[in-house]
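What follows is a short report on a single structure.
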Amino acid sequence: MLRKETNGEERRFDRDEEEDEEENDRGLDAWERTYADERSWESLQEDESGLLRPIDNKTLYHAQYRRRLRTATAARVQKGLIRYLYIVIDLSRAATETDYKPNRMVVVARQVEAFIREFFDQNPLSHIGLLTLKDGVSHCLTELGGSPESHIKALMGKLVCSGDASLQNGLDLVHSLLNQIPSYGHREVLILYSALSTCDPGDIMETIQKCKSSKIRCSVIGLSAELYICKYLCQETGGSYSVSLDESHLKELVLEHAPPPPAIAEFAIANLIKMGFPQRAAEGVISICSCHKEAKVGGGYTCPRCKARVCELPTECCICGLTLVSSPHLARSYHHLFPITPFDDVAPTVSSDPHKVPKNCFGCQQSLLAPGNLPGLSVACPKCKQHFCLDCDIYIHESLHNCPGCESFRHSKSQ
């Protein structure tokens, strides 16, 4: 009888301890729980000899990348190559919350900087502008332009949070700026919203309908909780709405907007656009820069139509309005129209004939064998049947845009 009572008290004591631990976990922020209870020992693995393997997140990262790749290439659709995107950043009081370390404002600024660089790498003919929401009004931080450094510099110098956010004022300003874009340009807005409400001076539903009639695609990434008005805005304008869970999830959501989205039906019409391919000016020549309105020595590019000098490409000539690009920019833009077919996963099974299984990656020549000389994780091109490692798979689809196996087979066939 005494033993039963003792066991009952022990179980009750253990249950109280578990409840206390759960309460402590609930009191922690998301970033604190990441460091407080990683339980990293559970992810340790042993090899065939009983030794511990190092923790490697490459396989998990590759699986996430493959999901994004299959989603992007699921259907062959027309995409917009010349995009005009405004990034609207919420700098209200809600951006000072510390559920993201050190706070939401710093995390958002860090992700926007990475996004701007990735955006211009994948969309060299496109333009970006920055807007901020604070004190109930919307401020234009930078005009539409193709220089990533100027946008990043302007953003990092204006990171001050105050007041409330007004979604309607931001949409009104975006509508007035994007309404002047030519018909061949694709108008987009990406809103990074931290607040749980919006302080608007009028009917935001009318503003949403104006954006819809002007074919402005609005997408929202929330940092707090799901809001009906943001979800309604994205549904009406054809954008996407998502809420981030932590900083890594926020980075993944933001970078999903870097590749060109499918073109809206009204814009999916072939248009001829006049473009100029300027020559680089000789070193030591003094000329007046049309974009900075000052004399500069050497470098720069000369507009083939009006002979004005510009500092960088791609851009639009300030004198005659001609779009100035270089041939590599144009070539990089066409990679989205003809993407490489996603490679097939090769199951790491032991084949009956080990000679048929390649031991090295066709791209980097690194070994594809796991510890114990067993076949490791790899992918294979569905056309040339060559095997590649996970790193080469990502490099081929994101940077190279050509399959080395198919290209070598085509070259040998031509000879």
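The values are calculated or read from the model by the stated rules, or taken from the named source; none is laboratory data. For clarity, every value in this text was computed on a predicted model and none was experimentally measured. We place every Cβ from the backbone using ideal geometry, glycine too, and count neighbours over all the protein chains shown. What goes into the accessible areas is simple: the full protein's heavy atoms, side chains included, and nothing from ligands, DNA or RNA. Shrake-Rupley method; radii C 1.70, N 1.55, O 1.52, S 1.80 Å.
For residue 307 and residue 236 in one chain, what is 0.36 nm times their gap in residues minus the Cα-Cα distance, to one decimal in nm?
21.1 nm
Just check the stretch 112-213 against the gyration tensor rule for me: Cα atoms, a ≥ b ≥ c as the square roots of the eigenvalues, rounded for a/c under 1.5, and otherwise prolate or oblate depending on whether a/b exceeds b/c. All intermediate terms of the calculation are to be shown ahead of the outcome.
Values: a/c = 2.26, a/b = 1.23, b/c = 1.84.
The shape class here is oblate.
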Per-residue accessible area for residue 395 at 1.4 Å probe radius, Å² rounded to 10?
-> 130
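Could you look at the stretch 170-236 and say what percent of its accessible area is carbon and sulfur, using a 1.4 Å probe and all protein chains? Display every interim value, and only then the final one.
Details: 1400 of 2770 Å².
About 51 percent, which is the carbon plus sulfur part of the accessible surface.
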Positive minus negative residues near residue 365 (Lys, Arg vs Asp, Glu; Cβ under 13 Å) = 0
Residue 177 accessible area, nearest 10 Å², 1.4 Å probe?
-> 40
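Tell me, what is the Rg over Rh of the stretch 153-217, with Rh the Kirkwood radius over Cα pairs?
Rg/Rh: 1.01.
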Rank these residues by their accessible area, most exposed first, probe 1.4 Å: 186, 139, 151, 292.
-> 292, 139, 186, 151
Probe 1.4 Å - accessible area at residue 93, Å² to nearest ten = 140
Once the piece of chain linking residue 93 and residue 283 is laid out straight, how much longer is it, given 0.36 nm per residue of separation minus the C-alpha distance between them?
-> 63.4 nm
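Got a sec? What order do 379, 160 fall in by accessible area at 1.4 Å, biggest, i.e. largest, first?
Working: 379 0, 160 85 Å².
Accessible-area ranking of 379, 160, largest first: 160, 379.
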Formal net charge of residues neighbouring residue 207 (Cβ-Cβ distance under 13 Å; K, R +1; D, E -1) = -3
Computed log₁₀ I(q)/I(0) - Debye formula, equal Cα scatterers, no solvent, the stretch 106-160, q 0.13, 0.15, 0.18, 0.22 Å⁻¹ = -0.31, -0.41, -0.58, -0.84
